[in-house]
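Where a number appears in this text, it was derived from the coordinates with a stated rule and is not lab data. None of the values given here were measured: they were computed from a predicted structure. Here the Cβ positions follow ideal geometry from the backbone for every residue, glycine too, while neighbour counts run over all protein chains shown.
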Amino acid sequence: YNNREEHDEL
Amino acid sequence: MNIFRLCGDMSHLAAIIILLLKMWKTRSVAGISGKSQILFATVFTARYLDLFTSFISIYNTCMKVFFIGTVYFTIYLIYMKFKATYDSNHDSFRVEFLIVPVGGLAFLVNHEFAPLEIIWTFSIYLESVAILPQLFMISKTGEAETITSHYLFALGSYRALYLCNWIYRYYAEGFFDLIAVVAGVVQTILYCDFFYLYITKVMKGKKISLPA
């Protein structure tokens with residue numbers, strides 16, 4: 001899992 | 001940002017605008033589930049808590065503000081301004097049967113056991129089932145206004161386009177978020193029978209009328 005630190009999607 | 005995600009966001013935007021136009025033009029919320037709109041307001045509030053703490057882009061911030069503003073305005077129209085046209089008898093889905101399991105699941109299955117992350121996960125899981133009261137209401141009334149069908153088609157397409165966005169991001173950027181993908185698949189599957197009705201009926205100028 002390498003979702004960015006912050007969620008950049010709406 | 002990629003074309004799939006942009007089209008998805010535009011489809012989501014179109015859905016909200018179609019809904020507002022339907023309410024404003026017909027001055028009626030007949031056939032619209034207030035409970036689903038309350039669930040969507042919960043989804044947006046929980047997901048956009050980072051609105052003031054983390055800045056991604058002007059686009060991201062504007063869309064978040066627009067989504068939150070319009071969903072609360074929709075609730076105002078349903079429960080206050082056009083309250084007389086709200087069909088609460090048919091909007092009888094027990095949302096606690098959604099919120100409790102989704103809340104529990106967000107605690108158990110998340111990427112990081114941190115408050116903001118759990119709340120974000122809760123919003124992702126809740127969004128995947130938030131349309132159920134609306135679909136349930138249509139099954140009870142046995143029909144949907146054509147404009148409401150367009151609203152649902154745009155809303156269902158938004159997450160389907162996001163699935164394409166995640167496939168693209170996996171191959172282009174190596175980005176992968178299992179929680180968002182699984183919830184997105186569930187959310188899109190819930191629209192499938194509606195998509196079938198929409199394509200076989202509404203596209204031919206007929207109204208959607210389920211066997212009541």
List the extent of the Cα atoms of the stretch B:86-158 along each of their three principal axes, largest first, rounded to whole Å.
43, 26, 16
Pick from B:Ala14, B:Ala172, B:Ala180 the residue whose mean-square fluctuation is largest in a GNM of chain B, springs joining Cα atoms under 10 Å.
B:Ala172
Just B:Arg94, B:Arg47, B:Arg159 to compare: in a GNM of chain B, with alpha carbon springs under 10 Å, which one fluctuates most?
B:Arg94
Working from the pairwise distances between different alpha carbons, so that the mean of 1/r is found and then inverted, what is the stretch B:73-212's Kirkwood radius in Å?
16.9 Å
If you line up the long axis of helix B:115-129 against the longest principal axis of chain B, both from Cα atoms, how many degrees apart are they, to the nearest 10?
30 degrees
Based on Cα positions only, what radius of gyration and what Dmax would you give for the stretch B:1-125, in angstroms?
16.1, 46
Identify which of B:Gly174, B:Gly69, B:Gly142 has the largest mean-square fluctuation in a Gaussian network model of chain B, with springs joining Cα atoms closer than 10 Å.
B:Gly174
If I fit a long axis through the Cα atoms of helix B:96-108 and take the longest principal axis of the Cα atoms of chain B, what angle between them do I get, 0 to 90°, rounded to 10?
10 degrees
Given 10 °C, 1.306 mPa s and a Kirkwood radius over Cα pairs, the Stokes-Einstein diffusion coefficient of the protein assembly as shown in µm²/s is 88 µm²/s
In nm, to one decimal, how far is the B:Phe97 label point from the B:Ala30 one, both placed 7 Å along Cα→Cβ?
2.8 nm
Can you tell me how the stretch B:41-82 classifies by the Cα gyration tensor, rounded, prolate or oblate, using a/c under 1.5 as the rounded cut?
prolate
Given the Cα-Cα distance of B:Val181 and B:Ile75 and 0.36 nm per residue of separation, how much length would full extension add, in nm?
35.3 nm
What whole number of Å gives the distance from the Cα centroid of the stretch B:53-73 to the Cα centroid of the stretch B:101-147?
19 Å
Overall form of the stretch B:56-124 per C-alpha gyration tensor (a/c, 1.5; a/b vs b/c)
oblate
Helix B:3-26: inclination vs chain B longest Cα principal axis, degrees, rounded to 10, gives 30 degrees
Once the Cβ-Cβ distance between B:Tyr168 and B:Ala84 is put in as r, and R0 is 41 Å, what FRET efficiency do you end up with, to the nearest 0.05?
0.35
Length added when fully stretched, B:Asn2-B:Ser209, from 0.36 nm per residue minus Cα-Cα
70.9 nm
Violating pairs (Cα-Cα greater than 23 angstrom) within the set B:Lys22/B:Lys207; B:Lys22/B:Lys204; B:Lys25/B:Lys64; B:Lys35/B:Lys83; B:Lys83/B:Lys201
B:Lys25/B:Lys64; B:Lys83/B:Lys201
Taking Lys and Arg as +1 and Asp and Glu as -1, residues besides B:Phe93 with C-beta under 15 Å from its C-beta add up to 0
